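Only one structure is covered here, and it is reproduced in the block below.
Quick note: the coordinates plus some simple rules give every number you see, no bench work behind them. Everything numeric in this text was worked out from a predicted model, so none of it was measured. For neighbour counting, all protein chains shown are included, and Cβ atoms are generated from backbone atoms with ideal geometry for every residue, glycine included.
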Amino acid sequence: MSITIFSIETSCDETSAAILRDNQIMSNIISSQQFHTEYGGIVPELASRAHISVIDKIADAAISGSGINKNNIDIVAATIGPGLIGSLLVGLNYAKSFSIAAGIKFIGINHIESHLYSCYIGQEIIEFPFIALIVSGGHTILFLVNDYFSYKILGQTQDDAAGEAFDKVAKMLGLGYPGGPLIDQLAKDGNENFHVFPKSYLKENIYDFSFSGIKTSVLYYLKKNFISNSAGPAAISLNDISASFQKAVVTALTEKTMLAAKNFNVKNIAVSGGVSANSRLREEFNKYKTEGYKISFPKPVYSTDNAAMIGYTAYLYSKYSRNRNFEKNIYKPAFARFDYNKF
Ligand code: KG4
Ligand code: ZN
């Protein structure tokens, strides 16, 4: 018998709702908060208020667009963290109220875990074990995934997330927010060997990441060659700087992920999260296919935040009878604090 899932995602600046019938996405509505652009980054209080103003419409659109009667929904799922607390509370309370009113089950879903499974949506299932790189605006984490819901964290960023570095460098370049897609686009016409921005190698744990050094070296480069250069703006090519910065980030991400794959003798790799939409990152990882690696990315629409991946993860929990409720963890800021091996 099939199950119908209604899912909500509001952890950051996307208000999203989806309907799934088992693993099939029947609808997936995403509303992105464009107004943060004028602040050069997300303003949490404004994000929460904007979620409140659209959640009803987005949820209704997902239900009506799915062709499914809302009386036939079996499970309601919502992101319970990590994320912006005010934003999370909007989606969580909406979903819980819906589940209480309809008398149906509620499942709280971890946002990062759902990014990991976003690679499965509408694509081949990745065989275990696999290495998962989750690379978003708030997180950069490398996992060894042994089975459903069985994760070992190998490394993570010690400072900025990779997406955050894209966003901050874009701000320095006066490009707007979110910076990742803008830099990705500019870099296509740039020379990535124009300047070498140093990568940091962390000695304590080789699988950890650091992006603040790259970001700072872009800042110093700009100060030296742009702000204090009498030649003025013409002296700098946004394309070349974007391409060179992107190369440094992409190289750090691919090198560490592939090192883990080699050391753990794992042939399957899954790369997800907002930065997995990056065209250069995809190209670099895909090169390893010739060495016998299987590389999976989400379909582009499931790279950045969406409710379909939340519903999909709820589907996996219901299918494999592991209906854990993460609800109590909503106040915990980072995935790193969850010890998944204990569940
Ligand atoms: O997963 P996501 O939508 O939200 C979080 O969970 O953080 O990721 C958003 C991040 C932003 O930092 C954005 O700049 C980055 O993903 N991003 C990209 C690209 N598209 C989105 N970064 C690099 N290249 C892209 N094409
Ligand atoms: Zn995300």
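Key figures
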read-out: Under 5 Å, built H, 5+ apart or other chain: amide partners of residue 160; value: 211, 212
read-out: Residue 185-residue 24 pseudo-label distance in nm [points 7 Å out on the Cα-to-Cβ vector]; value: 3.5 nm
read-out: Chain lengthening between residue 3 and residue 39 when straightened (0.36 nm per residue, less Cα-Cα); value: 8.8 nm
read-out: Relative packing of 132-141, 71-80, which averages over residues the other C-beta atoms within 10 Å, highest first; value: 132-141, 71-80
read-out: Extension reserve of the residue 319-residue 147 stretch, reckoned as 0.36 nm per residue once the Cα distance is removed; value: 60.5 nm
read-out: Proximal lysines to residue 256, defined as alpha-carbon separation beneath 17 angstrom and excluding residues fewer than eight positions away on the same chain; value: 152, 199, 203, 247, 267, 287, 289, 294
read-out: Estimated FRET transfer efficiency (residue 102, residue 294; beta-carbon r; R0 41 Å; 0.05); value: 0.50
read-out: Local electrostatic count, residue 121, Cβ distance below 15 Å [Lys/Arg +1, Asp/Glu -1]; value: -2
read-out: Order by protection proxy (mean Cβ within 10 Å, highest first), peptides 55-63, 304-312, 272-280; value: 304-312, 272-280, 55-63
read-out: Bridge type composition, the chain - antiparallel percent by DSSP, nearest 5; value: 60 percent
read-out: Candidate lysines - alpha carbon under 20 Å from residue 70, same-chain residues fewer than 8 apart omitted; value: 57, 96, 105
read-out: Under 15 Å, Cβ to Cβ, from residue 86 - net charge with Lys/Arg +1 and Asp/Glu -1; value: -3
read-out: Cut-off of 10 Å, at most 10 other beta carbons, DSSP loop: longest stretch of the chain lacking such GluC sites (Glu not before Pro); value: 205-343
read-out: Per-pair calculated FRET efficiency, R0 = 25 Å: residue 158 and residue 193 via Cβ, rounded to 0.05; value: 0.40
read-out: Separation in nanometres of the label points that stand 7 Å from Cα toward Cβ, at residue 264 and residue 46; value: 3.9 nm
